[in-house]
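What follows is a set of notes on a single structure, which appears directly below.
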Amino acid sequence: MSSQVWQGQNKRIYLQEVGTRDGLQAEKVFVPTENKIGLVNALSDTGLAKIEVTAFVSPKAIPALRDAEQVLREIKRVPGVVYTALVPNVRGAERAVESRADELNLVMSASESHNLSNLRMTRQQSFSGLVEVVKAVQTTGIAINVSLSCAFGCPMEGDVPQADVLDWCRRYVEELGTTGVTLCDTTGMAYPPQVAELTASFRARWPETELTLHFHNTRGMGLANVLAAIDAGADRFDASFGGIGGCPYAPGASGNVCTEEIAHALALMGYDTQVDLALLLAAAHQLPALIGHDVPSQILKAGRRLDLHPQPADFS
Ligand code: COA
Ligand code: ZN
């Protein structure tokens with residue numbers, strides 16, 4: 001097959017790191033604040049477009065991120081990198097704005113069951129909450145993204161109709177005026193044709209809105225889904241260094257697509273991610289010692305495609 005077929009033709013793909021939020025929220029250990037700051041600082045130098053630094057949620061719900069203020073205030077800010085934070089309510093929005101977040105990443109679920117277990121509200125109550133947040137911060141001019149969990153299926157309800165997903169998107173874009181929407185595959189239920197259809201429908205209806213795809217690699221379909229989304233017009237992806245991650249309130253959740261695996265694959269295919277893979281791998285190398293276990297990343301174990309091994313002495 002000619003290499004022409006695989007040319008990404010230098011198309012710019014924006015990689016957004018969520019490991020210090022989606023990743024660390026799922027860990028049992030509390031990573032010390034200075035280490036979290038060190039991780040974000042290391043990630044900031046890798047060329048990533050956006051970093052979801054932390055979450056301003058209830059410290060009882062997610063104790064691992066109870067130091068959100070300090071982390072967001074004390075990181076080094078690299079110009080051009082957008083520092084975002086997950087926010088579930090007005091209280092979280094106020095905390096994030098005070099800590100100088102560049103963007104608020106609001107969250108609700110496309111599935112009623114997951115919304116109730118994750119946020120303890122109905123979807124309608126959540127949407128009313130998003131309206132309140134937008135009102136509360138509108139004078140700050142801060143960017144607002146809405147992440148829609150379970151957009152590709154719910155671990156308790158099964159398929160979520162695409163018409164419902166698109167109707168929630170319509171409400172975010174047209175009623176709330178959000179800058180961006182993230183379609184989240186919270187428990188790795190997405191598959192390529194479904195991803196292509198939803199991405200193409202979103203792009204056709206709201207070409208000016210920043211669209212992010214957020215895949216978890218729970219069933220090994222993460223990279224296939226990223227490629228299907230790119231072909232359907234997407235150019236922004238959340239991913240987690242080391243491949244850590246998962247929602248503690250979604251049964252069966254596991255790690256996000258792995259940033260270094262996606263960056264490695266996209267570079268080989270001729271896409272322009274602007275990510276320095278060596279620096280990203282160095283950041284991911286810090287994780288096992290900090291979280292106390294191995295991480296799913298395959299590139300971290302195997303090295304890059306052309307990181308060669310010495311020839312065994314007895315073969316020479
Ligand atoms: N920041 C800090 N504390 C918060 C908070 C926020 N954004 N929102 C609520 N709280 C506190 C309240 O002050 C209250 O504290 P108290 O018990 O000491 O009085 C407690 O949390 C419960 O508040 P309440 O308004 O009754 O919320 P709740 O118990 O219904 O919880 C959420 C709702 C959404 C705030 C909570 O479930 C949450 O933060 N979930 C996190 C979900 C998450 O991050 N999931 C993974 C990522 S998608
Ligand atoms: Zn996630």
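The values are calculated or read from the model by the stated rules, or taken from the named source; none is laboratory data. Everything numeric here is computed off the predicted structure, so don't read it as measured data. Don't worry about glycine lacking a Cβ; one is built from the backbone with ideal geometry, like all the others, and counts go over all protein chains shown. Accessible surface areas use protein heavy atoms only, side chains included; no ligands, DNA or RNA. Shrake-Rupley method; radii C 1.70, N 1.55, O 1.52, S 1.80 Å.
List the number of the failed condition for residue 84; all other conditions in (1) surrounded by fewer than 22 Cβ atoms within 10 Å (Cβ to Cβ); (2) of a type in the set (S, T, N, Q); (3) over 20 Å from residue 127 (Cβ atoms) hold.
The number of the failed condition is (1).
Within the stretch 132-148, is there a residue that is within 16 Å of ligand 1 (Cβ to nearest atom), closer than 21 Å to residue 18 by Cα and of a type outside the set (A, V, I, L, M)?
Among the residues of the stretch 132-148, at least one is within 16 Å of ligand 1 (Cβ to nearest atom), closer than 21 Å to residue 18 by Cα and of a type outside the set (A, V, I, L, M), which makes the answer yes.
With (1) of a type in the set (Ser, Thr, Tyr); (2) free of Cβ contacts under 8 Å to residues at least 12 places away in the same chain; (3) crowded, with 22+ Cβ neighbours inside 10 Å as the list, and residue 122 as the residue in question, which single condition is left unmet?
Condition (3) is where residue 122 drops out.
Just to check your reading of the model, which residue among 98, 103, 112 is away from ligand 2 (no atom under 15 Å from the Cβ), open to solvent by less than 40 Å² (accessible area, probe 1.4 Å) and acidic (Asp, Glu)? Lay out the reasoning, then the answer.
Details: 98 fails: open to solvent by less than 40 Å² (accessible area, probe 1.4 Å); 112 fails: open to solvent by less than 40 Å² (accessible area, probe 1.4 Å).
Result: 103 is the single residue among 98, 103, 112 that is away from ligand 2 (no atom under 15 Å from the Cβ), open to solvent by less than 40 Å² (accessible area, probe 1.4 Å) and acidic (Asp, Glu).
Does residue 258 count as touching a Cys at 6+ places or on another chain (Cβ under 9 Å) and buried (at least 18 other Cβ atoms within 10 Å of the Cβ)?
On the way: touching a Cys at 6+ places or on another chain (Cβ under 9 Å): no; buried (at least 18 other Cβ atoms within 10 Å of the Cβ): yes.
The answer is no for residue 258.
When you scan the stretch 145-163, do you find a residue that is at pLDDT 95 or above and in a helix (DSSP H, G or I), even just one?
Yes; the residues of the stretch 145-163 include at least one that is at pLDDT 95 or above and in a helix (DSSP H, G or I).
Determine the pairs where a residue that is within 18 Å of residue 132 (Cβ to Cβ), located within the stretch 158-176, has a partner that is among the basic types (Lys, Arg) and modelled with pLDDT of 95 or more with Cβ atoms under 8 Å apart, the partner being 6 or more residues away or on another chain.
Pairs found: 168/123.
Matching residues to (1) open to solvent by less than 50 Å² (accessible area, probe 1.4 Å); (2) assigned to a loop (DSSP other than H, G, I, E, B); (3) over 14 Å from residue 17 (Cα atoms):
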residue	(1), (2), (3)
266	yes, no, yes
275	yes, yes, no
279	no, no, no
282	no, no, yes
289	no, no, yes
296	no, yes, yes
299	yes, no, yes
304	no, yes, yes
310	no, yes, yes
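Among the candidates 176, 130, which residue alone is more than 16 Å from ligand 2 (Cβ to nearest atom) and open to solvent by 10 Å² or more (accessible area, probe 1.4 Å)?
176
Say whether the condition of being in a helix (DSSP H, G or I) and within 16 Å of ligand 2 (Cβ to nearest atom) is met by at least one residue in the stretch 244-260.
yes
When the stretch 36-87 is examined, which residues are found to be in a loop (DSSP other than H, G, I, E, B) and of a type in the set (Ser, Thr, Tyr)?
46, 58
Only one of 200, 204, 136, 196 is free of Cβ contacts under 8 Å to residues at least 24 places away in the same chain and part of a helix (DSSP H, G or I); which?
Every option except 204 fails the conditions.
Considering only residues that are within 16 Å of ligand 1 (Cβ to nearest atom) and of a type outside the set (Asp, Glu), look in the stretch 214-238 and name the one that is surrounded by the most Cβ atoms within 10 Å (Cβ to Cβ). Spell out how you get there, then give the answer.
Initial filter on the stretch 214-238 (within 16 Å of ligand 1 (Cβ to nearest atom)): 214-216, 218, 238.
Filter again for of a type outside the set (Asp, Glu), leaving 214-216, 218.
Details: 214: 27, 215: 27, 216: 30, 218: 22.
Only one residue fits best here, namely 216.
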